[in-house]
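I have placed the structure first, in the form of structure tokens, so that the comments after it can refer back to it.
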Amino acid sequence: MIPLNNWTTWAIWMVVSSSSMTVKCSGSTHTAAHCPKRATYGLSDSAQTFIDCVTATNGGVCEEVSLTSVKDKVSEPLLPALTPSLFSNVPPYINFIMPGQRKEPLPDNISRRLLWYDGGSPLVAATAIRSGYSLTKDFAMAVGYYVGCFQPSEVYKFQNFRPSQKYNHFPGSWSIGCKDRLELAVRKMKKAHGRKKFDFLPPTFILPEETNLLKKAWNSNPNGNLWILKPPCFHGGRGIEVIRRQEQIPANARLMVQRYISNPYLIDGHKFDMRIYVYVPSINPLRVYLYPDGVVKFATKKFTTDDLDSMVHLTNIEVNAKNPAYTLDYSLKTGHKWSLNVLKEYLRTNNGTDWMPIWENIKDIVLKTIISGEPEIWEGVRKYLQSKYSGHELFGFDILLDNNMKPWVLEVNKSPGLYPHSGHFRPVNDPMAKDMLNLAGFRIPGNEETDHGNEITSGSDVPDHLLLDKRWWSQTLSGEEKAKQKYYCDNYKNETILSTILDNLTPNDIRILVDTIDENSRRGGFDRIFPRVDTDKYFRFFQKPRYCNILIHQWLKRFHKNETEGISLVEAHCKELKHLTDQN
Ligand code: ADP
């Protein structure tokens, strides 16, 4: 294995003993009025503590999100401040930590550059602060964000991101993040590849355009028809209604009407669905990670199709927290929210159900969903982002199991779960947020910040080899690189030709392989589901062959049994700085 860079050692002496300080709300339960909405305490750069009080719908529970929770024991020894690359001449990554962990402090000249936008998820902001960032309310100054997304009409705003800024969305991800567009994207795939392969969304009609088609489908099965009305782009169960009669559909409204899955798998008579976290650090090349834990959300009233009450049929916390019977166990082991791990154990012990085939099905439908949106997401990245570094996204898939254990995708959430009710899911979300940020590969912003009049980095005193180099993320290819890419895309079905792709690696090829290999080594609890050695079976679902996916697949194919050899191949080029050579 390649030795760590030397710079890590200096930080070890700079331990600040107060870095695990905790600030508590003054009691465990507050009404909204008692809670300071959000407080930032400027204690010191390294001991800044942040709390956030979240008004939950179940009576105003005040949650704290702090550097270290009272229950957590601080771990020893200190974790490194930065995670080195596996390769020479590649800058390090910020190491993110979770409650109960401590890391070496960063020196001022680095931490001054690490500004996190204060305006998004408190849980992710707390993770960033714990890991060396300070908060700023200035959107343009921040280099890290975990916020709600721009509206589709504001997609042009992505152009404003500087190459050192990392925003937690892709331009174009509405293509799967909006219910109607998801339906249209998957429909296209059904048309191209057959209904059976993409049969994971309940049949859906988009009104008013498809009113006649809906009528036809409705009338073909007049008995026992149950449908669900959904506004295309809301969440939290807003505007959602289970209906039995066509007259219940408002005229001329922009709505989706979806076939209701009336045979859900029940636990103790209750319906549930699963929030599955899917992280996409890059769309081209496509890299997708799945978190093995998640959140299981139960409806609070027993399931029956005789009663259309939303607390019987919807699992949203916003709907069910209004039920006095709603119970929340913060450990996610009992009550109306479980962790996915608890569900798996329940299925195994109570039902003898093997989780693996269900999970394999879930991986398959997650990948097919993302590939359905890939053309639009990649087009957005290409068109609007100066640097590929600036876009990445965590998706929350809501998945329902029917009583045949078939998973159905109900919707794909952008910026999921880490918002108002985040505290409720902390056993899952704290480690997941830390792993997600590590996977994202945050770097120390480079000196190009100076070009924008940013005083923070002007007169830089941080060595260049530690900084994000914007050449790394350039989307510009040399003539030779373009020709190579075209040749392999044109011949993407010819295995003999493909097997030569690694023979002559270009600077861009090396950067792609470094990113892919480094990223997978920082995956923490996430599983990489794409690329894998067998995921070339999904290539045919891509609108166009993607050179970067082919390149990585060939590397995996050749080296999956001997990764060290594959790393050495890439390292030999990095040592010679070939990855940073300008080929133009
Ligand atoms: P929201 O974005 O408002 O959460 P969803 O599409 O996730 O909207 O629907 C809310 C809830 O309604 C889901 O969590 C699920 O319990 C239920 N639901 C949605 N669609 C269906 C369906 N087709 N069949 C059965 N239940 C559904």
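The values are calculated or read from the model by the stated rules, or taken from the named source; none is laboratory data. Computed from a predicted structure; not experimentally measured. Every residue, glycine as well, gets a Cβ built from its backbone with ideal geometry; the counts of neighbours run over all protein chains shown. Calculation scope for accessible area: heavy atoms of the full protein, side chains included, ligands and nucleic acids excluded. Shrake-Rupley method; radii C 1.70, N 1.55, O 1.52, S 1.80 Å.
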Segments 244-251, 528-535, 279-286 sorted - mean Cβ within 10 Å per residue, highest first: 279-286, 528-535, 244-251
Jot down the per residue volume, in cubic angstrom and as a whole number, of the convex hull over the alpha-carbon atoms of the stretch 477-583. 111
Projecting the Cα atoms of Cys233, Leu332, Met311 onto the charge dipole of the stretch 174-417, where Lys and Arg contribute +1 and Asp and Glu -1 at Cβ, the residue farthest towards the positive end is Cys233
Simple SL model, points at 7 angstrom along Cα→Cβ for Tyr346 and Lys216; separation in nm is 4.1
Given a 1.4 Å probe, the accessible area of the stretch 477-583 per residue, as a whole number of Å², is 47
Note the count of lysine pairs whose C-alpha atoms are less than 15 angstrom apart in the stretch 477-583, limited to pairs 8 or more residues apart or on different chains. 4
Spin-label model distance (nm) - Ser521 vs His270, 7 Å beyond Cα toward Cβ: 4.5
Using a Förster distance of 60 Å, the FRET efficiency for Lys575-Lys191 (Cβ separation, nearest 0.05): 0.75
Can you tell me the order of 101-109, 385-393 when each peptide is scored by its average per-residue count of other Cβ atoms within 10 angstrom, highest first? 385-393, 101-109
Given the convex hull of the Cα atoms of the stretch 183-243, what is a quarter of its surface area in nm²? 5.1
How much of the pair distance distribution for the stretch 174-417 lies past 26 Å, counting alpha-carbon pairs only, in percent? 41
At R0 = 30 Å, how high is the FRET efficiency between Ala483 and Ser568 if r is their beta carbon distance? Nearest 0.05 is fine. 0.65
At 0.692 mPa s and 37 °C, Stokes diffusion of the stretch 83-216 via Kirkwood alpha-carbon radius, µm² per second: 177
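For the full complex of protein chains and a 1.4 angstrom probe, list Thr127, Thr353 by accessible area with the highest value first.
Thr353, Thr127
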Taking the Cα-to-Cβ direction at Cys233 and at Asp307 and moving 7 Å from each Cα, how far apart do the two end points lie in nm? 3.6
Less than 13 Å apart at the alpha-carbon level, and either on another chain or at least 8 residues along: which aspartates and glutamates does that give for Lys230? Asp180, Glu183, Glu241, Glu411
Provide the FRET efficiency to the nearest 0.05 for the Ala251-Asn413 pair, computing r from the beta carbons and using R0 = 30 Å. 0.55
Taking the alpha-carbon distance from Lys157 and a cut-off under 24 Å, which lysines remain once sequence neighbours fewer than 8 residues away in the same chain are dropped? Lys137, Lys166, Lys179, Lys383, Lys388, Lys414, Lys470
Distant-in-sequence amide H partners of Thr327 (H built 1.01 Å from N, under 5 Å): His336
